[in-house]
1. Name the single residue, out of those in region 79-113 being assigned to a helix (DSSP H, G or I) and free of Cβ contacts under 8 Å to residues at least 12 places away in the same chain, that is least open to solvent (accessible area, probe 1.4 Å).
2. When both residues are 6+ apart or on different chains and their Cβ atoms are under 8 Å apart, which pairs have a first residue that lies in region 1-21 and is in contact (Cβ under 8 Å) with a residue 24 or more places away in the chain, and a second that is exposed (fewer than 12 other Cβ atoms within 10 Å of the Cβ)?
3. Could you tell me whether L29 is within 16 Å of the ligand (Cβ to nearest atom) and among the aliphatic types (A, V, I, L, M)?
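The values are calculated or read from the model by the stated rules, or taken from the named source; none is laboratory data. It should be emphasised that the depicted structure is a prediction, and the values quoted were computed from it without experimental measurement. So basically every Cβ, Gly included, is an ideal-geometry build from the backbone, and we count neighbours across all protein chains shown. All accessible areas refer to the heavy atoms of the entire protein, side chains included, with ligands and DNA or RNA removed. Shrake-Rupley method; radii C 1.70, N 1.55, O 1.52, S 1.80 Å.
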Amino acid sequence: MLALSQLLDFVESVVPYVKENEYLTAMNLLKTLNDNKQTGETQTIIQIIEVMRTRIERDPIIQQHAKRVKMKVKAIAEHKTDGEKLAKGWECCGKCNRLVRDLRIHQFSDVCKRTNDTKKLSAISSSFKTDDKMILVLKIRAWACKNKWRGSHIVKYYA
Ligand SMILES: [Zn+2]
């Protein structure tokens, strides 16, 4: 009954935006639903709608986009230059050379760890071109993860 009432409110709220015949059709459909509310057919329709709503809400892609909608959108003017970051007290990460606001949080990031790995590999191999060696390192890590030699917390990155 509440759903029908809310649906009626919705139809009333869109009256200025729909044609008269569309409004009449919607009202006739609502009347049909109201007349049939005692029957099992309406309950079945409501249950089907509820199942669909639950499935949609649980869909990982829907959940991902729902989270993205809540993210703050930065305008280009809000992005700080390196000079502005330094002036505001940002620090240069010793592991990856990025300017960051909070070193402790940043150094747990995947990008920091991977850049640090690349720096170490360049230093050891005395070369800037280390992609072929990094592929070997990543394959060894994936193998180690697969064989439980490394903690499960890094499996998502290397397995
Ligand atoms: Zn870093």
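1. Result: G83.
2. Between residues of region 1-21 that are in contact (Cβ under 8 Å) with a residue 24 or more places away in the chain and residues that are exposed (fewer than 12 other Cβ atoms within 10 Å of the Cβ), there is no close pair.
3. In short, no.
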